[in-house]
Structure formats: C-alpha cells, structure tokens
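The values are calculated or read from the model by the stated rules, or taken from the named source; none is laboratory data. This is a predicted model, so every value here is computed, not measured. Reconstructed Cβ throughout: ideal geometry from the backbone, glycine too, with neighbour counts over all protein chains shown. Accessible surface is based on the protein model in full, side chains and every heavy atom, while ligands, DNA and RNA are left aside. Shrake-Rupley method; radii C 1.70, N 1.55, O 1.52, S 1.80 Å.
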Amino acid sequence: YALFYSLREVVRAWFGKPVVDYTGVVDERTAQQRIKEDLIQDSFAFVIIVYHTLCIKCFQTFRCERFPDGQDYMFFVPEVKCWTGQHIGMVVSASVYILVVIIGIPVLI
C-alpha cells in the first residue's frame, strides 16, 4: 500500500494535480515533502518494530548450553556445536552486525 501511495504522489506531482485527502482538504505540500515525511515515518516504525527483535537474535548466537554428552551446543540451534567452524562463522557475523547496526546506527542518530 505504501508503494502505491508513493507512486500516486509522484504521478500527481508530475502532472501538477493537487492532492486532496479523504476529508476533502487540499494538501499544499509538494510531493517531495510528502514522500520524504512518509518515508521517515515508515522508517521509524520499521526500526521500532524490528530493531529489538534483531538485537535479541544477534545476542542469542553467543548463548551456549552444556548437554548431557558433555559438549556445548547453541541453545537455540542445538545441532550446532559451540566454538566450532559453523558457530564461529555465526559469531563473527553477529559481532559485525552488532557493531555496525545495533551500536553504529544509534550512535549516528
């Protein structure tokens, strides 16, 4: 729906037609202003909804549990042994993601 709305705004701006909302009020902002404001609002909504889930998933990579056989396995992916090839790849990926996205983006904002 958001894509359709944005495309509609671009077409209306292209042909110079005023945008009238559902109450019949003419919106005097330019299409670029409306699209920019909508994009910012949608981005914040995405961050609020998705950011926390991604944080939790990244830190789950480091959680290991000792099973009865004496080996450590990832808690959320029990078929992966901790600190072996596959797990180390996951830890490196999660660490980079934590540094860039979880820490980096809030610092930039």
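Roughly how large, in nm² to one decimal, is the mean projection of the convex hull of the alpha-carbon atoms in the range 42-109?
Numbers: hull surface 20.4 nm².
Projected area, direction-averaged: 5.1 nm².
Largest accessible area first, the residues 66, 34 order themselves as 66, 34 under a 1.4 Å probe with ligands, DNA and RNA left out.
Taking all protein chains together, 35, 98 sort by accessible area into 35, 98, largest first [probe 1.4 Å].
Coupling constants for the range 32-47 follow from the phi torsions by the Karplus curve (6.51 cos²θ - 1.76 cosθ + 1.60, θ = phi - 60°), and in residue order they are 4, 5, 5, 5, 4, 5, 5, 5, 5, 4, 5, 5, 5, 4, 4, 5 Hz; glycine and proline get x. Computed from the Cβ-Cβ distance with R0 of 25 Å, the FRET efficiency linking residue 93 to residue 33 stands at 0.05.
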